[in-house]
Amino acid sequence: MLRRIEPDSAEPVARRVFRELRHAIVTMQFQPGQPLSEQEVAGQLGVSRQPVREAFIKLSESGLVVIRPQRGTFVVKISAKQVMDARFVREAVERAVARKAGEGLPARTVAELEANLKAQREAAKSTNPASFLELDEAFHRTIALGVDCEYAWRVVEETKAQMDRVRYLSLPQATPLDRLISQHEQIVEGIRARCPDAAEAAMRLHLREILNSLPELARRFPDLFDSESAPAEPIAESA
């Protein structure tokens with residue numbers, strides 16, 4: 001069930017609708033292939049159909065829905081190729097961000113990362129992967145903003161929608177949370193030690209974790225994946 005949009009925010013309604021719908025798609029509240037109704041979504045959110053229509057267009061641009069004239073709007077199936085393309089871009093950007101953070105990050109930002117890690121350990125004890133993913137998102141965003149790379153983070157946000165669905169599916173069976181937390185700790189250790197090489201290497205390892213889980217998930221959930229792009233065998237990349 002979607003959360004109703006409160007009217008007392010300065011943020012544009014369409015942007016909040018987009019964020020709510022994106023979250024619902026990423027967390028599989030809306031399944032791949034499912035049709036979406038402007039009227040039903042607007043009713044659940046308590047808004048008019050116009051901001052929902054605008055959000056559908058933006059979701060289409062993000063590759064999460066397809067708008068078919070005279071037929072409707074549908075959640076797209078997960079494309080392994082698009083996941084891999086997004087992962088490639090994200091790694092290129094975030095390795096550079098991690099390297100810059102390794103050259104020096106404000107003490108208050110390091111403290112934020114350490115507090116985030118503590119919260120991740122607590123979230124790992126629950127059975128709600130969405131709460132862990134929110135912390136994971138905040139962890140990476142904090143690093144980027146901490147080195148004044150806001151635009152770089154916007155690029156990451158705009159490219160990783162397909163990745164986020166796979167990451168949600170992978171938790172915690174295909175990708176143990178303890179492993180992800182350990183990788184986050186290694187990134188922070190490299191930053192704290194002011195070692196750009198270590199921070200970058202830790203980020204690279206972390207962002208390649210999806211290469212291990214993607215083929216397994218495509219086999220376990222074939223109905224959620226685009227059959228033409230789902231990987232049949234484990235993916236390996238050279239160092």
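The values are calculated or read from the model by the stated rules, or taken from the named source; none is laboratory data. Because the structure is predicted, anything quoted here is derived from the model rather than measured. For neighbour counting, all protein chains shown are included, and Cβ atoms are generated from backbone atoms with ideal geometry for every residue, glycine included. All accessible areas refer to the heavy atoms of the entire protein, side chains included, with ligands and DNA or RNA removed. Shrake-Rupley method; radii C 1.70, N 1.55, O 1.52, S 1.80 Å.
Some notes on this structure:
- Virtual paramagnetic centre 7 Å along Cα→Cβ of Lys118, amide N under 20 Å, in segment 175-195: 178, 181-193
- Packing-based ranking of 199-208, 87-96 yields 199-208, 87-96, ordered from highest to lowest mean Cβ neighbour count within 10 Å.
- Residues whose amide H falls under 5 Å from that of Thr73, counting only those 5 or more places apart or on a different chain, are Leu36, Arg68, with hydrogens built in the peptide plane.
- For Val65, the residues 5 or more places off, or on other chains, whose built amide H falls under 5 Å of its own are Ser60, Val76.
- Sorted peptide list for 35-44, 77-86, criterion being average Cβ within 10 angstrom, highest first: 77-86, 35-44
- As a calculated quantity, the FRET efficiency between Asp226 and Glu6 at R0 = 35 Å, using C-beta atoms, amounts to about 0.45.
- Shape summary: segment 137-233 maps onto an equivalent ellipsoid whose semi-axes, from the alpha-carbon gyration tensor, are 28, 16, 11 Å in decreasing order.
- Accessible area (Å², per residue) of segment 7-131, counting only protein heavy atoms and a probe of 1.4 Å: 52 Å²
- Cα-based equivalent ellipsoid of segment 10-61: semi-axis lengths in Å, sorted from largest, via gyration tensor: 17, 12, 10
- Working note: Cα gyration tensor of the chain, eigenvalues times five, square-rooted, sorted largest first, giving semi-axes of 31, 22, 16 Å.
- If you plug the beta carbon distance of Ser182 and Lys81 into 1/(1 + (r/R0)^6) with R0 = 35 Å, you get a FRET efficiency near 0.75.
- Here segment 84-154 is treated as a sphere whose radius is the Kirkwood value from Cα pairs; by Stokes-Einstein at 20 °C and 1.002 mPa s it diffuses with a coefficient of 165 µm²/s.
- A Stokes-Einstein calculation at 20 °C with viscosity 1.002 mPa s, built on the Kirkwood radius of segment 9-151 over Cα pairs, returns a diffusion coefficient of 123 µm²/s.
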